[in-house]
Amino acid sequence: MKKVLIANRGEIAVRVIRACREMNLSTVAVYSEADRAALHVRAADEACAIGPSPARDSYLRIDAIIDAARRSGADAVHPGYGFLAENEDFAAAVRDAGLTFIGPSAEVVALMGSKTAARAAAARAGVPVVPGTGEPLPDRISDPDLARIARSIGYPLLVKAVAGGGGKGMRTVTEPAALLGAVRGARSEASASFGDSAVYLERRLTRPRHVEVQLLGDHHGTVVPFVERECSIQRRHQKVVEETPSLAVTPGIRAAMTTAAAAVARSVGYANAGTIEFLLDEDGQFYFLEMNTRLQVEHPITEMVTGVDLVRWQIRIARGERIDLDPARLLAPSGHAIECRIYAEDPDNGFLPSPGRIVQLRTPSGPGVRDDSGAAAGLEVPIFYDPLISKLIVWAEDRPSAIQRLKRALGEYVVTGIKTTVPFFTWLLNQEDFLTGRFHTTYLDEVLRSRNGQPFSASSADVEEVAAVAAVLQTLLAGANNGSASPSGRQTATADAVSRRWKAQARVEGLR
Ligand code: MV4
């Protein structure tokens, strides 16, 4: 392997390019029209245009990407996450073009893509699954048959899409009268989203946590699991904060859960980085949910507490190397890591996307801080893609110190020109339930609903203070260069004095 094409964009493309460079591999970026000047294009050794801005005309075009690999002479393809990362046809097309796919086999991608097949594989490996139908419901099931199956599973239950994941095509049913409508609704949503109307039923667990196990498998039959990640802080099925280890996982649960995860992966001959998602209920019982056959957004927190570079290992595994990591080390985390997903969204306006040109961007640094960014000052955040601009990851000796460090780092974050979710995180990190670890998968949606749209940013006192800092600066600068300079640009206020100092400093630097 000499030259890797990264079939993705944004922060994950940059992340993969960094690993390649450390391994002396050349890199090829691909880009849509909207991404001509993007960071991942600048970061790579070379870049190929693959089509118009909408993802379906560029980042989702299997033929265009294979063609770019041929043109550039790449011999391997890394899919990142999202886009084609879990598309079995893409994995097969890469293989059939004689290239190395830095991911699992097309067959395993297909198997885990069917949520019922994945569930069955987990059950065969001896791993608990939530009571449910197991098989997709027959297309033309009679109403009485459906009602009988539902009754035997018990209410409340969930109708889930076989091709689903991420909450799409999912419906809660709390009483028999709502069953038919929910099945119909789920079928049509699944059909529209995935082109597959198949659904199945599962008992709905109340207030479970979402805990997942990272693993690596190689082509020689070795599978090693890592300490779990806690991913219950989600908004509308999108993770927003992840941490490791989980406060809810005891050593006993960890041993059982990681063993279960490895058993599922081993049973399907898994070779790549992968993740087994579990639901963990209030009495410590866990259940297999899904397997993700790719690198995940939140992989850095695992890297921070284990010292293992997961992308490097994906590449080594794809080259046929053996995993020679000490399994005990992967289950004994050093310290605590937390990630915040920073989006170009306006938290004070229903988290609406906030695309546009980034005027200033200063990302935090210092001890224990890692910033995985896909954006830069002067660049547009396009409307066409997921508006994740940056992942802020911190490490510290323990959870309270990690939270302190995260607050410090969020205070250093400066971004102007677009709105971001930074003020929301500053609020979240002060919530009693977050600090004590008393949360579950519906926690965030519940508190956001109860807040009724109160703003996260700037009280008027904060705005006044920012204005005062700006006025002082203006006076100083006027003295320094004969009154020709005047601070300009938009200023986002947060309720944090440290943040204001950093912003003031960034502004001075911006004017020099
Ligand atoms: C569940 C569940 C409770 N019981 N299954 C949501 C997305 C999809 N991947 C599966 N999901 C859930 N499945 C049973 N049997 C609760 C959820 C769920 C959830 C899961 C993980 C993270 C966030 C969530 C938010 C709401 C519901």
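The values are calculated or read from the model by the stated rules, or taken from the named source; none is laboratory data. No experiment lies behind these values; they were computed from the predicted model shown. All Cβ positions, glycine included, derive from the backbone under ideal geometry; neighbour counts span all protein chains shown. The protein model used for the area step is the full one, side chains on, heavy atoms only, and it has no ligands, DNA or RNA in it. Shrake-Rupley method; radii C 1.70, N 1.55, O 1.52, S 1.80 Å.
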Q: Could you list which residues have their amide H under 5 Å from that of G51, counting only those 5 or more apart in sequence or on another chain, with H placed in the peptide plane?
A: E33
Q) Roughly to the nearest percent, how much of the accessible area of region 280-382 is carbon and sulfur, given a 1.4 Å probe? A) 47
Q) Can you pull the accessible area of R71 for me, 1.4 Å probe, Å² to the nearest 10? A) 140
(Q) Sort 90-98, 336-344 by packing, meaning the average of other beta carbons within 10 Å per residue, with the highest value first. (A) 336-344, 90-98
Q.
For I403, what accessible surface area do you get with a 1.4 Å probe? Give it in Å², rounded to 10.
A. 10
(Q) If the only charges are +1 at each Lys and Arg Cβ and -1 at each Asp and Glu Cβ, what is the size of the charge dipole of the chain around the Cα centre, to the nearest 20 debye? (A) 380
Q) Which whole-number percent gives the relative contact order of the chain, counting Cα pairs below 8 Å spaced six or more residues apart? A) 12
Q: Note down the net charge around K168, summing +1 for each Lys or Arg and -1 for each Asp or Glu among other residues with Cβ under 10 Å from its Cβ.
A: 0
Q. Can you pull the accessible area of F425 for me, 1.4 Å probe, Å² to the nearest 10?
A. 0
**Q.** Cα-centre dipole for region 277-401 with unit charges at Cβ (Lys and Arg positive, Asp and Glu negative), debye to 20
**A.** 660
(Q) Per residue of region 329-334, what does 6.51 cos²θ - 1.76 cosθ + 1.60 with θ = phi - 60° give for ³J(HN,Hα)? Whole Hz please, x for Gly and Pro, Karplus curve as stated. (A) 5, 6, 9, 10, x, 9
Q: Let me have the relative contact order for region 3-102, percent, based on Cα pairs under 8 Å that are six or more residues apart.
A: 29
Q: Would you be so kind as to identify which of Y343, P400, L157 lies farthest towards the positive end of the dipole of the chain, taking Lys and Arg as +1 and Asp and Glu as -1 on Cβ and the Cα centre as origin?
A: Y343
Q. Based on the Cβ-Cβ distance from A49 to L247, what FRET efficiency comes out when R0 is 51 Å, to the nearest 0.05?
A. 0.65
**Q.** Options G252, F278, I6, ranked by Cα towards positive dipole end of the chain, top entry (Cβ charges)
**A.** I6
Q: May I ask you to evaluate 6.51 cos²θ - 1.76 cosθ + 1.60, the Karplus curve with θ = phi - 60°, for each residue of region 190-197 and list the ³J(HN,Hα) values in order in whole Hz, giving x for glycine and proline?
A: 5, 5, 5, 7, 10, x, 8, 8
Q) Which percent of the accessible area of region 138-258 is formed by carbon and sulfur heavy atoms (probe 1.4 angstrom)? A) 51
Q: Please list, or write none, the lysines whose alpha carbon is within less than 27 Å of the alpha carbon of K3, excluding same-chain residues fewer than 8 places away.
A: K391
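Hey, can you find the accessible area per residue of the chain for me, probe 1.4 Å, expressed in square angstrom?
41
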Q) Where a Cα-Cα gap under 28 Å defines reach, which lysines qualify for K160, not counting those fewer than 8 residues away within the same chain? A) K115, K168, K239
(Q) For a distance above 40 Å, tell me the whole-number percent of Cα pairs in the chain that qualify. (A) 24
Q. For region 17-113, what does the alpha-carbon gyration tensor say about shape, rounded, prolate or oblate, given a ≥ b ≥ c as the root eigenvalues, a/c under 1.5 as rounded, and a/b over b/c as prolate?
A. oblate
Q: Taking all protein chains together and a probe of 1.4 Å, list W313, W427 from the most accessible to the least accessible.
A: W427, W313
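Report D for region 104-221 in µm² per second (integer): Stokes-Einstein, Kirkwood Rh on Cα pairs, 4 °C, 1.567 mPa s. Walk me through the numbers before you get to the answer.
Details: Rh = 15.2 Å.
Roughly 85 µm²/s, to the nearest whole number.
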Q) Counting only protein heavy atoms and using a 1.4 Å probe, what share of the accessible area of region 3-102 belongs to carbon plus sulfur, as a whole percent? A) 43
Q. Could you name the lysines in cross-link range of K2, using Cα to Cα under 20 Å and dropping any fewer than eight places away on the same chain?
A. none
Q | Using alpha-carbon coordinates, inclination of helix 10-22 to the longest axis of the chain, degrees | A | 90
